[in-house]
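Since the structure comes first, as structure tokens, the remarks are kept for the end.
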Amino acid sequence: MADSSFDIVSKVDRMEVDNALNQTKKELSQRFDFKGTGADIAWKGEEVIELVAESEDRVKAALDVFKEKLVKRQLSLKCIDAGEPRLSGKETHITCKLKQGISQDQAKRLNKLIKDEGPKGVKTQVMGEEVRVSSKSRDDLQAVITLVKGADLDFATQFVNYR
């Protein structure tokens, strides 16, 4: 019997983030507490989102609205790295970067977690920015998925190519 396998990746669905951004933009334009504060959210390049408002508390509130929209779209808050509010002229800005890919350091921690706490007979292999997990038993693979979902990792994980 051939080994079954799946890949652990850390990717962000850009369309879902874009939908959350558009919903946030709409809410910022309609909510009473954001009227006249110049609150706005927009893409700045491929992987950067910028929030702008007239005061630090309003830009932080706009960030909370954006995070709420991400959660409603089943996106992990670990996928964005929100910077500190910074003053620029009369406006305050917050820059959010999308975090994608599993670094070598993170892959090593993931391998160690699976080897230490996972079922015996499960093999892991780092392949670029993803980790392939394989085993003869599909039940062992399900146990690894449960283990990784329950682990307190500092990056978002998804499971793809289950076969």
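The values are calculated or read from the model by the stated rules, or taken from the named source; none is laboratory data. As the structure is a prediction and not an experimental result, all values here were calculated from the model. We place every Cβ from the backbone using ideal geometry, glycine too, and count neighbours over all the protein chains shown.
Quick check, is G89 modelled with pLDDT under 90, surrounded by fewer than 16 Cβ atoms within 10 Å (Cβ to Cβ) and within 30 Å of F159 (Cα to Cα)?
Here the answer is no, as G89 does not meet what is asked.
Scanning region 85-102 for residues that are outside any strand (DSSP E or B) and touching a residue at least 12 places away in the same chain (Cβ under 8 Å), which turns out farthest from E46 (Cα to Cα)? So that I can check it myself, show each step before the final result.
Just the residues of region 85-102 that are outside any strand (DSSP E or B), to begin with: 85, 89-90, 99-102.
When the remaining residues are screened for being touching a residue at least 12 places away in the same chain (Cβ under 8 Å), the result is 85, 90, 99-102.
On the way: P85: 21, K90: 26, K99: 12, Q100: 12, G101: 15, I102: 18 Å.
Checked region 85-102; the qualifying residue farthest from E46 (Cα to Cα) is K90.
Return the only residue of L77, L153 being closer than 21 Å to S10 by Cβ and at pLDDT 90 or above. Spell out the reasoning first.
Numbers: L153 fails: at pLDDT 90 or above.
Result of the check over L77, L153: L77.
Condition check: surrounded by 14 or more Cβ atoms within 10 Å (Cβ to Cβ) and either in contact (Cβ under 8 Å) with a residue 60 or more places away in the chain or more than 30 Å from S137 (Cα to Cα) (or both). Does S10 satisfy that? Against the criterion (surrounded by 14 or more Cβ atoms within 10 Å (Cβ to Cβ) and either in contact (Cβ under 8 Å) with a residue 60 or more places away in the chain or more than 30 Å from S137 (Cα to Cα) (or both)), S10 qualifies. Number of residues in region 13-45 that are exposed (fewer than 11 other Cβ atoms within 10 Å of the Cβ) and either among the hydroxyl-bearing types (S, T, Y) or not in a loop (DSSP other than H, G, I, E, B) (or both): the value is 4.
Scanning region 104-130 for residues that are within 16 Å of Q158 (Cβ to Cβ) and part of a loop (DSSP other than H, G, I, E, B) yields a total of 2. Evaluating R73 against the criteria (1) under 25 Å from N161 (Cβ atoms); (2) more than 13 Å from the chain's Cα centre (by Cα) leaves one unmet condition, (2). Here L70, L51 are screened, and the one residue that is part of a strand (DSSP E or B), buried (at least 19 other Cβ atoms within 10 Å of the Cβ) and not assigned by TED's automatic domain parsing to the domain that holds D140 is L51. Among the numbered conditions (1) closer than 30 Å to A39 by Cβ; (2) over 23 Å from the mean Cα position of the chain (by Cα); (3) basic (K, R), the only one that K99 does not meet is (2).
Taken as a whole, the structure places G118 among residues that are farther than 15 Å from K11 by Cα and surrounded by 19 or more Cβ atoms within 10 Å (Cβ to Cβ). Residues in region 143-163 that are in a helix (DSSP H, G or I) and either touching a residue at least 24 places away in the same chain (Cβ under 8 Å) or surrounded by 14 or more Cβ atoms within 10 Å (Cβ to Cβ) (or both): A143, V144, I145, L147, V148.
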